[in-house]
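All remarks here apply to the structure that follows.
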Amino acid sequence: IMQRPPLYSAVHVGGRRASACARRGLQVELEPRPVTIHALRLIRYEPPETEFQIICSKGTYIRSLARDIAAALGTYAFVSRLCRERIGSLSVAEAVSPDAFKPDRDMRTGSAFLESLPAVQRITIAEGREEDLRCGRPLAPHFFHTPPREGENIVLTADGRLLAVVVAAEGKLAYKMVLHE
């Protein structure tokens, strides 16, 4: 579907975020963007409340989807509760509770984080290339002991510490996240 993002969004208009323009009282026209709704399931309908489960592409604004569905029905709507159950291969069901999360253990060694991501390729940074990654230098396949596979790759140091997440697509590499000490 084509979806018009909300005025209070991170979408850039003329080099500025739409939300910053809206807060200043400026009128901006956001162009509709293509998004994919893979599934839209009615879970509960008890007027005036309705509960849906939505499986959608990234970039979908759920509040805008509620607005558009209501408009198609000739009425108005707002979102009173929103729960993101999954992002890619990460799901709420597999999440670590805040009480069980230990930053020193989970982020320094990355062991709990890595165990929760069995589908993601793990690669080790080549000797002498850790600083290149930390400084954001353009990625190259020779930075790693094994070549990154298509999709997300978790980059580990030689001693097994989590260093970064990189994405390989169509022969190109891009940073997704870099952890600094």
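The values are calculated or read from the model by the stated rules, or taken from the named source; none is laboratory data. What you see is a predicted model, and the numbers here were worked out from it, not measured in a lab. When we count neighbours, we look across all protein chains shown, and the Cβ atoms used for this are built from the backbone with ideal geometry, even at glycine. In case anyone asks, the SASA skips ligands and DNA or RNA and just uses the protein heavy atoms, side chains included. Shrake-Rupley method; radii C 1.70, N 1.55, O 1.52, S 1.80 Å.
Comparison of R24, R41 shows that the only residue that is modelled with pLDDT of 95 or more, surrounded by fewer than 10 Cβ atoms within 10 Å (Cβ to Cβ) and either farther than 24 Å from V165 by Cβ or of a type in the set (S, T, Y) (or both) is R41. Counting only strands (runs of 3 or more DSSP E) that sit wholly inside the stretch 77-181, those with at least 1 residues that are modelled with pLDDT of 85 or more and either in contact with an Asp or Glu (Cβ under 6 Å, 6 or more places away or on another chain) or among the aromatic types (F, W, Y) (or both) are 162-169, 172-178.
Could you grab me the full set of residues in the stretch 1-21 that are open to solvent by 70 Å² or more (accessible area, probe 1.4 Å) and either part of a strand (DSSP E or B) or at pLDDT 90 or above (or both)? Residues satisfying the conditions are I1, M2, R4, H12, R16, R17.
One line per residue, one yes/no per condition, for (1) within 25 Å of I87 (Cα to Cα); (2) among the basic types (K, R); (3) open to solvent by 30 Å² or more (accessible area, probe 1.4 Å):
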site	(1), (2), (3)
R129	no, yes, yes
H145	no, no, yes
L162	yes, no, no
A168	yes, no, no
A174	yes, no, yes
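Tallying residues that are in contact (Cβ under 8 Å) with a residue 24 or more places away in the chain and either under 15 Å from S80 (Cα atoms) or touching a His at 6+ places or on another chain (Cβ under 8 Å) (or both) within the stretch 56-66 yields 4. Could you tell me whether the stretch 37-48 includes any residue that is in contact with a strand residue (DSSP E or B) (Cβ under 8 Å, 6 or more places away or on another chain), without any contact (Cβ under 8 Å) to a residue 12 or more places away in the chain, part of a strand (DSSP E or B) and among the β-branched types (V, I, T)? The answer is yes, given that some residue of the stretch 37-48 is in contact with a strand residue (DSSP E or B) (Cβ under 8 Å, 6 or more places away or on another chain), without any contact (Cβ under 8 Å) to a residue 12 or more places away in the chain, part of a strand (DSSP E or B) and among the β-branched types (V, I, T).
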